[in-house]
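Quick notes on the structure that follows.
Bear in mind these aren't lab numbers, they're just calculated from the coordinates by the rules spelled out. This is a predicted model, so every value here is computed, not measured. Here the Cβ positions follow ideal geometry from the backbone for every residue, glycine too, while neighbour counts run over all protein chains shown.
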């Protein structure tokens, strides 16, 4: 397991993570980038449990994602599959598992206050927390992409699938964006990473 995670998480987190993964029927796999998720957890038909995490994540986002998925496994073991995927049982488990990592030995000082705020009530994705997502992005390799909330109103942007949209007004939490080709209205998370079209 250590070889699988080497280079993906902060080195100082390795021993603690390996202790969390000491289960005979739990496998962790590092996958190529998936556009719709950072990681996932599933119980396989043969009774084993599998966690996958995207290989392109920076070490801090990788660690958060890995603990997020371990929390799904632990919540499943403790409460069975009848709970909501990101319900109260999962939130409490995630908070409990993450707490020992929330210190200056594991994370940069400027991330700690944002992480403390986020883990008061963790969401289904760290991307839902605009401030935390932006702070974590600074540790990513440059990819030429930007967040929807950073784009000026009226600007055009492209998604990974090639579709082009024009940014419009903000509703309560999301931005209205018009698909150029069809004229259809879509709502975008402010933290969606897109490519500006010039």
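Using alpha-carbon pairs under 8 Å, 6+ residues apart, how would you state the relative contact order of the chain in percent? Relative CO of the chain lands at 14 percent.
Rounded if a/c is under 1.5, else prolate if a/b is larger than b/c, else oblate: which is segment 48-198, with a ≥ b ≥ c the root eigenvalues of its Cα gyration tensor? Taking the square roots of the gyration eigenvalues as a ≥ b ≥ c, segment 48-198 is prolate. Taking label positions 7 Å along the Cα-Cβ direction at both residue 44 and residue 160, the computed distance is 2.3 nm, reported to one decimal. Neighbour counting of Cβ atoms within 10 Å sorts the residues 197, 148, fewest neighbours leading, into 197, 148. Spin-label model, residue 92 to residue 22: label points 7 Å out along the Cα-to-beta-carbon direction sit 2.5 nm apart. Among 140, 40, the order by Cβ neighbours within 10 angstrom, fewest to most, reads 140, 40.
The angle separating the long axis of helix 88-98 from the principal Cα axis of greatest extent in the chain is about 70 degrees. Shape class of segment 146-197 from the Cα gyration tensor (axes a ≥ b ≥ c, square roots of the eigenvalues): oblate, since a/c reaches 1.5 or more and a/b does not exceed b/c. With the Cα gyration tensor of segment 60-115 giving a ≥ b ≥ c as the square roots of its eigenvalues, does the rule (a/c under 1.5 for rounded; else a/b larger than b/c for prolate; else oblate) give rounded, prolate or oblate? Note, shape of segment 60-115 comes out prolate. Taking Cα atoms only, the orientation of helix 59-79 departs from the longest principal axis of the chain by about 60 degrees. Listed peptides 49-58, 184-193, 25-34 appear in the order 49-58, 184-193, 25-34 once ranked by packing, highest mean of other Cβ atoms within 10 Å at the front. Between 102, 153, 132, which gets the highest mean-square fluctuation from a Gaussian network model of the chain, Cα cutoff 10 Å? Of the options given, 153 has the highest mean-square fluctuation.
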